[in-house]
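Remarks on the structure that follows.
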Amino acid sequence: MSDSNPAPSLYAAREPIFPRRVSGKFRNLKWYIMAVTLGIYYLTPWIRWDRGPSLPDQAVLLDLANRRFYFFWIEIWPHEFYFVAGLLIMAGLGLFLFTSALGRVWCGYACPQTVWTDLFILVERWIEGDRNARLRLHRQKKLDFRKARLRVTKWTAWFLIGLATGGAWVFYFADAPTLAYDLVTLNAHPIAYSTMLILTATTFLFGGFAREQICIYACPWPRIQAAMMDEDTLTVGYREWRGEPRGKLKKGQVAEGQGDCIDCMACVNVCPVGIDIRDGQQMECITCALCIDACDDVMAKIGKPRGLIDYMALSDETLERSGNPPKNIWKHILRPRTIMYTSLWSLVGVGLLFALFIRSDIELTVAPERNPTFVTLSDGSIRNTYDVRLRNKHGEDRVFKLSIKGDPAMRLQLEGTVYHSVNVPADTALLQRVYIVSAKGSAPSQASSTPVRIWVEDLINGERAHKDTSFNGKGN
């Protein structure tokens with residue numbers, strides 16, 4: 001191929017998108033959701049919750065040093081990670097449910113990338129102006145004082161938002177007031193500073209520059225969503241049968257044979273991912289519905305019915321084309337697929353709640369000594385050794401009494417004490433070595449192991465727990 005006809009490039013440079021300001025019910029809904037989600041994220045680490053003198057008073061805390069997760073009155077221990085796994089399963093099923101019913105509604109309203117991008121665009125609009133002003137500034141080749149001042153001001157605001165984002169994240173892993181003081185006085189651990197730096201940089205880049213590129217190329221969900229949707233899924237669409245053929249039209253003007261779409265490009269100009277919804281369903285669409293607000297506003301101005309662009313299902317579009325009314329909205333939401341997802345989601349949630357409420361504040365695990373499995377003492381008795389881990393989930397020290405149930409000839413001994421009770425500090429797990437001894441001639445002569453049950457009892461409230469194990473060795 002000659003130099004005059006170069007090969008086409010497989011890469012297209014990104015064309016920056018500058019969404020125009022729009023107002024309407026969906027835009028207002030996005031503002032409310034942004035305020036709520038950002039408020040929860042930034043303020044939650046500062047909520048206090050009294051758990052007692054020996055426990056942290058931060059309502060939500062991932063205490064990695066002590067291997068605990070605190071969520072208000074709930075405390076999750078490392079061996080209870082199934083609660084976290086259950087919540088992740090519920091989150092996945094919830095995403096399937098919402099996508100099946102309303103398309104990418106999560107992406108359009110509550111996804112962190114969407115929320116922070118909306119915030120960054122809002123700041124950009126405050127500083128540089130609306131869409132036309134930002135376009136002029138972008139196309140201005142010369143870097144004069146005004147352009148430099150606006151750019152530096154905008155980037156500084158973005159950096160501060162990113163810094164607050166990273167700062168809020170690290171507050172979930174340590175006591176927020178203490179860590180904030182350490183950060184300001186430069187006494188915090190280097191991991192805290194490095195984590196804040198990474199999150200600040202990613203927030204700055206993803207929310208300020210990458211924006212829709214993350215949704216289109218980095219996020220896997222656009223490529224999965226098709227499996228969750230069907231012809232009854234409500235999603236943002238264009239009523240082509242009503243809008244075509246397009247043509248310019250002023251208020252009160254009548255044009256025979258012309259559709260309601262006046263090709264004003266308002267829907268394209270407000271789209272945060274830069275697509276034209278009139279081209280049909282597209283992978284890039286995040287179902288934010290801003291194009292609905294923009295189109296409804298134009299329809300109202302030219303005296304046409306709203307809803308040229310609307311939340312609609314493919315099945316409804318087919319009905320409307322033939323002159324029939326669309327289905328009731330509940331027939332789209334309550335259908336076998338969504339009912340199945342809701343049922344699965346509810347079952348997992350009920351299971352987690354059941355497991356949460358039946359769990360005990362006293363637990364034990366038993367690990368028999370494997371080398372050797374038993375020891376024959378000088379008087380002929382047989383002794384087995386066990387490592388018993390006692391968990392005290394109370395906010396105060398408790399005295400636990402240990403006992404065994406099995407062969408009456410067996411007796412229990414605790415290492416380090418002549419008593420059968422041990423003090424377990426508040427909210428800790430204590431490893432206690434326990435011996436079970438069977439007198440000479442009393443151990444079973446036929447079997448090599450005997451079932452035995454180790455009991456633990458809280459002497460304050462009488463709560464009990466047990467663990468089954470086996471006694472190894474046989475008599476003479």
- prompt: Does Ile292 qualify as being surrounded by 15 or more Cβ atoms within 10 Å (Cβ to Cβ) and part of a helix (DSSP H, G or I)?
  reply: yes
query: What tally of residues in region 391-433 results from selecting those that are modelled with pLDDT under 90, under 25 Å from Pro78 (Cα atoms) and either among the charged types (D, E, K, R) or assigned to a loop (DSSP other than H, G, I, E, B) (or both)?
result: 10
- request: Name the single residue, out of those in region 145-192 being hydroxyl-bearing (Ser, Thr, Tyr) and in contact with a helix residue (DSSP H, G or I) (Cβ under 9 Å, 6 or more places away or on another chain), that is surrounded by the most Cβ atoms within 10 Å (Cβ to Cβ).
  value: Thr165
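Residue under question is Glu75, and the condition is that it be outside the structural domain of Tyr311 (by TED's automatic domain parsing) and surrounded by fewer than 16 Cβ atoms within 10 Å (Cβ to Cβ); does it hold?
No.
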query: Going by the conditions given, is Gly349 on the phi > 0 side of the Ramachandran plot and either assigned to a helix (DSSP H, G or I) or loosely packed, with under 13 Cβ neighbours inside 10 Å (or both)?
result: no
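Kindly indicate whether Thr318 is within 28 Å of the chain's Cα centre (by Cα) and not assigned by TED's automatic domain parsing to the domain that holds Pro451.
No.
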statement: Considering region 328-352, residues that are aliphatic (A, V, I, L, M) and in contact (Cβ under 8 Å) with a residue 12 or more places away in the chain, and then whichever is nearest to Glu75 (Cα to Cα), we arrive at Leu352
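Every residue, every condition in (1) touching a Leu at 6+ places or on another chain (Cβ under 7 Å); (2) closer than 30 Å to Gly307 by Cβ, yes or no:
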{"position": "Ile191", "(1), (2)": "no, no"}
{"position": "Thr195", "(1), (2)": "no, no"}
{"position": "Phe204", "(1), (2)": "no, no"}
{"position": "Ile214", "(1), (2)": "no, no"}
{"position": "Ala218", "(1), (2)": "no, no"}
{"position": "Gln225", "(1), (2)": "no, yes"}
{"position": "Met229", "(1), (2)": "no, yes"}
{"position": "Leu234", "(1), (2)": "yes, yes"}
{"position": "Gly247", "(1), (2)": "no, yes"}
message: Could you go through region 213-223 and let me know if any residue there is farther than 29 Å from Met283 by Cα, part of a helix (DSSP H, G or I) and at pLDDT below 95.
response: no
- prompt: When region 278-305 is examined, which residues are found to be under 29 Å from the mean Cα position of the chain (by Cα) and among the β-branched types (Val, Ile, Thr)?
  reply: Ile286, Thr287, Ile292
query: Does Ala227 count as hydrophobic (A, V, I, L, M, F, W, C) and free of Cβ contacts under 8 Å to residues at least 24 places away in the same chain?
result: yes
field: Odd one out for Lys141, checked against (1) surrounded by fewer than 17 Cβ atoms within 10 Å (Cβ to Cβ); (2) in a helix (DSSP H, G or I)
entry: (2)
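Rundown of residues vs (1) without any contact (Cβ under 8 Å) to a residue 40 or more places away in the chain; (2) surrounded by fewer than 16 Cβ atoms within 10 Å (Cβ to Cβ); (3) not hydroxyl-bearing (Ser, Thr, Tyr), yes/no style:
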| residue | (1), (2), (3) |
| --- | --- |
| Ser360 | no, yes, no |
| Asn384 | no, no, yes |
| Leu390 | no, no, yes |
| Leu402 | no, no, yes |
| Lys405 | no, yes, yes |
| Pro408 | yes, yes, yes |
| Val424 | yes, no, yes |
| Arg433 | no, yes, yes |
| Ile436 | no, no, yes |
field: Residue satisfying condition, being in contact (Cβ under 8 Å) with a residue 40 or more places away in the chain and out of contact with any Cys (no Cβ under 8 Å at 6 or more places or on another chain), within set Leu43, Leu88, Leu38
entry: Leu38
statement: Restricted to region 278-289 and to residues being surrounded by fewer than 19 Cβ atoms within 10 Å (Cβ to Cβ) and free of Cβ contacts under 8 Å to residues at least 60 places away in the same chain, the residue farthest from Ile224 (Cα to Cα) is Asp279
task: Tell me, yes or no, whether region 115-132 has at least one residue that is polar (S, T, N, Q), closer than 21 Å to Gln213 by Cα and either outside any loop (DSSP other than H, G, I, E, B) or not assigned by TED's automatic domain parsing to the domain that holds Val270 (or both).
output: yes
statement: For region 299-324, the count of residues that are outside any loop (DSSP other than H, G, I, E, B) and surrounded by fewer than 21 Cβ atoms within 10 Å (Cβ to Cβ) equals 14
- prompt: With Gly94, Gly108, Gly162 as the choices, which residue is in contact with a Leu (Cβ under 8 Å, 6 or more places away or on another chain) and either part of a helix (DSSP H, G or I) or in the same structural domain as Ala266 (by TED's automatic domain parsing) (or both)?
  reply: Gly162
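The values are calculated or read from the model by the stated rules, or taken from the named source; none is laboratory data. Note that this is a predicted model, so its numbers are computed, not measured. With ideal geometry, Cβ positions are generated from the backbone for all residues, glycine too; neighbour counts draw on all protein chains shown.
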